[in-house]
Amino acid sequence: MDMDDEETTEKYILENFKVIAVVGCSRNVGKPSHDVPEYLQQHGYRIIPVNPFADEILGEKAYKSLLDLSGSKIDVVDVFRPAGEALQIARDAVAIGAKALWLQEGIISEDAQKFAAAHGLRFVMNRCMMKEHYRLIDKV
């Protein structure tokens, strides 16, 4: 995928998908896994935290796993977990009917990319959702 295709996918996701399950969402202010979802929440996205060690983050009920969201309308699964977990998260994203999988900056998984493509998920990896929103949407 060349840069233009990637940017088109990012922009499409950011403009059209508003419900984001954040796997690895943190309660700790100052961590990207807290500050990025908070930024997105402040820009009109519904954030659904997925963190097995929290009951609530950013004023939203936190879920223990993505599979607990089965039956919910989830547009994007945004991932703040190690690359080694990305393929299983991709499987779970498909299982709950998500439309896109976004691996945050520093997370690279060719296996998750192949799985997402094979199952019709829009896919972004190694990009920060907040930075891309700011670059593609907020600054326009």
Summed side-chain charge close to residue 52 - residues other than residue 52 whose Cβ falls under 11 Å, Lys, Arg +1, Asp, Glu -1: -1
Inter-site label distance for residue 6 and residue 95 at 7 Å from Cα along Cβ, in nm: 3.0
Chymotrypsin sites (Phe, Trp or Tyr not before Pro) within the stretch 1-68, DSSP loop, no more than 11 other Cβ atoms inside 10 Å: 53
Beta bridge orientation in the stretch 3-138: antiparallel %, DSSP, nearest 5: 10
Amide proton proximity set for residue 101, modelled H, under 5 Å, gap of 5+: 77, 122, 123, 124
Two-site label geometry, residue 65 and residue 35: point separation in nm, points 7 Å out along Cα→Cβ: 3.2
The chain - mean residue ellipticity at 222 nm from DSSP helices (-39,500 (n - 2.57) per run, n ≥ 4, rounded to 500): -10000 deg cm²/dmol
Relative contact order %, the chain, counting alpha carbon pairs below 8 Å whose residues are six or more apart: 23
Calculated FRET value between residue 19 and residue 85, using beta carbons and R₀ = 25 Å, to 0.05: 0.70
Relative contact order (percent, whole number), the stretch 78-118, Cα cutoff 8 Å, 6+ residue spacing: 55
Cut-off 17 Å (backbone N to label point 7 Å along Cα→Cβ of residue 108), residues of the stretch 61-82: 81-82
Pair residue 73, residue 54: separation of 7 Å Cα→Cβ label points (nm): 2.4
Euclidean distance of C-alpha centroids, the stretch 1-55 and the stretch 95-131, integer Å: 12
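Since every read-out is calculated from the coordinates, none of them should be taken as a lab result. Since we're looking at a predicted model, the values are computed, not measured. Here the Cβ is made from the backbone with ideal geometry for all residues, glycine too, and neighbour counts use every protein chain on show.
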